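Laboratory data are not the source of any read-out in this text; all were calculated from the coordinates shown. Bear in mind that the values here come from a model prediction, so they are computed numbers and not experimental data. Counting neighbours? That spans all protein chains shown, and the Cβs are built from the backbone with ideal geometry, glycine included.
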Amino acid sequence: MNYNNHITDDLDIIMAVLPEDIQAAIRKIGRRDELLEVILDLGRVPTARYTDGEAVLRHTEVSQEEIKHVVDRVGEFDADNRAGIARTLHRIAAIRNRKGDVVGLTCRVGRAVYGTIAIIQDIIENGQSVLLLGRPGVGKTTMLREAARVLAEQKRVVVVDTSNEIGGDGDIPHPAVGRARRMQVEMPSLQHEVMIEAVENHNPEVIIIDEIGRELEALAARTIAERGVQLIATAHGNTLDNLLMNPTLSDLVGGIESVTLSDEEARRRGTQKTILERRAPPTFDVLIEIRDRQQLLIHHDVAESVDALLRGRPLQAELRYRDADGEIKKEKASPNHLEERESGRPVAAAPSPVPVVFDGRDPVRILPYGIARNRLERATRRMHVPVYLVKNLGEAEVIVTTKGFYRKRPRLVVDAERRGLPIYVLRANTVAQMEACLSDVFDLESRSPDPLNQALREAEEAIRQVQAGVSEVELLPQNAYVRRRQHELAQAANLSSYSSGEGSERRVRICRRE
């Protein structure tokens, strides 16, 4: 659904640079509005990527002559191995061998979608600096381009276009950026210098930047924001949590530092003496996590959200989406929405409370350091394991922290190592990582291998039955942790699954996707 958005893709122009039989194969498939990329790798069959998967375009391998055919018909490749086609938004990225020869091409279709910014237009027009996050291909650059066009109708806008993805290839910007001015970047490593040059030379009110990924660019962004210029940018990372744990880019949201409290202040706060706090005001006022093209999670106060993450409080975020009729809906993000954003999977409604049976396991006293306590509590409930969360090192039997904090060697970690306490280091501050940690702490795999393996084998057999034509298979009742593992198996097999029943009778059902 495009909800009355006007889309310009210039698809015939990028088709014209491809070999003729590949063009014919794409036309035969149709679905031109869903085409994302064409992949040409030397010695492999050519494929086309669509919004819902890949399609093989022919069964003979791509030759060096065919790759040269495409390279000769596009613009010059720059320092980051990207080229374009003049006055279009298409991007051709090259893979080179050790001698510098092109042996692979990713031909991405660039589209200008007029109207895509409507869902957040009120935010970008109020003068606040906005940072967009999201996985590749979710529409971050498309939204930036449309923001440049809309804001340029009222303000002086400069686009810092590192790879010509916003304004297109060639010296004349694509009409999709409207009246915004475009500054090209000679090579990606110089992006921060062009950002500062834009402010000093061209008197902008708004600067648009795609992909802040280096420390110098983060520093340049802070310098620009402190001069009173509105920033609209994207950065590497899917969520605020990812950005906060990235030592290179955490300054964009204020950064973090270890602070030692006095005994009195620690008692007043009810925390250990060494805590993590936000180091400075964030560069950006608003952070938007793009979950998909029609669903966004908005942190209207980045400083407040960062503080909540560091102190283990629930995040206060807004969920915006378009319903089936194209109407924009706004609501407070529920705990399920926030959990889904961490795991990347839909989260079912919580079942009715049931008695928790710990199979005779002794409780473990865990001290979370730099870990969101509310998420760790959620992980313990979902896995039905007995955990006491403590607030000081003297009470702890286990320390749980993240890789970023552990590397800084804070005093608490050093003291824990001297005492011989186990320290579990997570890659990220997410529920999924915490569940894996708890599985190790309680040695779930080895303590009860038979029931778990039996349940997983039952799920695998059900998957085979559904793939063979059975419409739905019901599994035996299991606890929440085992059911989640069964859901993961179904998802990996590209099947649907859901839980039904109450209490001790709650079970998984596996079925075909509709």
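Determine the gain in length on full extension of the stretch Ala324-Glu502; use 0.36 nm per residue of separation and subtract their C-alpha separation, reporting nm with one decimal.
Details: separation 178, 0.36 × 178 = 64.08 nm, distance 3.10 nm.
Value of the extension gain: 61.0 nm.
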Eligible lysines near Lys391 by straight Cα distance, threshold 16 Å, same-chain separation 8 or greater
Lys273
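Given R₀ = 45 Å, FRET efficiency for Glu205-Leu261 by Cβ-Cβ distance, to 0.05? Before the final figure, lay out each step's value.
On the way: r = 42 Å, r/R0 = 0.93.
For R0 = 45 Å, the calculated efficiency reads 0.60.
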For segment 156-202 and segment 216-258, distance of Cα centres in Å
20 Å
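Rounded to the nearest 500, what is the chain's calculated 222 nm mean residue ellipticity when only DSSP H runs of at least 4 contribute -39500 (n - 2.57) each, over all residues? Don't skip to the answer; put the middle values down first.
Details: 18 runs with 166 residues, N = 514.
The per-residue figure over the chain is -9000 deg cm²/dmol.
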Could you give each residue of segment 391-407 its phi-based ³J(HN,Hα) in whole Hz, using Karplus coefficients 6.51, -1.76, 1.60 with θ = phi - 60°, and x for Gly or Pro?
10, 9, 5, x, 8, 7, 9, 9, 10, 10, 9, 10, 4, x, 6, 4, 5
Show which aspartates and glutamates lie in cross-link reach of Lys332 when reach means a straight Cα distance below 16 angstrom and same-chain residues fewer than eight apart are skipped.
Glu289, Asp301, Glu304, Glu318, Asp323, Glu340
Mind checking which lysines have their C-alpha under 22 Å from Lys99, skipping anything on the same chain fewer than 8 residues away?
Lys68
With Cα extents along the principal axes in Å defined as stated, name the option among [x] 70, 62, 52; [y] 119, 66, 47; [z] 88, 53, 48 computed from the structure displayed.
[x]
Evaluate the distance, in nm, between pseudo-label points positioned 7 Å from the Cα of Asn81 and of Arg427 along their respective Cα→Cβ axes.
2.3 nm
What is the distance, in nm, between label points placed 7 Å from the Cα along the Cα-to-Cβ direction at Gln295 and at Arg44?
3.0 nm
At a threshold of 8 angstrom on Cα-Cα distance, excluding pairs fewer than six apart, so keeping six or more, what relative contact order does the chain reach in percent?
9 percent
Virtual spin-label span in nm between Gln454 and Arg73, 7 Å along Cα→Cβ
6.2 nm
